[in-house]
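Chemist: Right, I'll just put the structure down here and ask away after.
The values are calculated or read from the model by the stated rules, or taken from the named source; none is laboratory data. Just so it is clear, the model here is predicted, and its values are computed rather than measured. Quick note on the areas: whole protein, heavy atoms, side chains included, nothing else; ligands and nucleic acids left out. Shrake-Rupley method; radii C 1.70, N 1.55, O 1.52, S 1.80 Å.
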Amino acid sequence: MPIMDGKTAAKEIRKLESKPDHQQSTNSLRVDNRIPIFAVSASLYESDRGGLSEDFDGWLLKPLDFGRVRDLFQALQDPVKRNKEVYVQGQWERGGYFYGTSPSRSSRLY
């Protein structure tokens, strides 16, 4: 069985979630009409942000701060909180979301 890294796994999940036969089975997991995926690593660099934001919704750096993990998970269901947790230049180490919510993007669980 081939080994898959996180970036490849995220790309494959994005492909699967767009297929009609998988949409129904993952509806309860979706936020903003996609399955939330966070990159977690000790070696994510701010300069990689553009590439990561294509398939990942957010990121966390190791060692994990579990209070921060809790905040980001709570923001999945709270659009106001999520908008407060969006990437801010110079605060990469905090982790967060690449994008916030907007009136055109629903932030509720599907």
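Chemist: Is there a pair in Lys62/Lys84; Lys11/Lys62; Lys11/Lys81 whose C-alpha atoms are over 24 Å apart, and which pairs would that be?
Modeler: Table pairs above 24 Å Cα-Cα are Lys11/Lys81.
Chemist: Would you list which lysines come within 19 Å of Lys15, measuring only between C-alpha atoms, while excluding same-chain residues fewer than 8 positions from it?
Modeler: The reachable lysines, counting only those whose Cα sits under 19 Å from Lys15, are Lys7.
Chemist: What does the accessible area per residue of the chain come to in Å², with a 1.4 Å probe and no ligands, DNA or RNA counted?
Modeler: Per-residue accessible area for the chain comes out at 65 Å².
Chemist: While we're here: Contour minus end-to-end for Asp21 and Phe73, with contour as 0.36 nm per residue of separation and end-to-end as the Cα-Cα distance?
Modeler: Gain on stretching Asp21 to Phe73: 16.0 nm.
Chemist: Same structure again: With Kirkwood radius over Cα pairs in Å in mind, check [x] 17.0; [y] 14.7; [z] 15.9 and report the label derived from this structure.
Modeler: For Kirkwood radius over Cα pairs in Å, the calculated option is [y].
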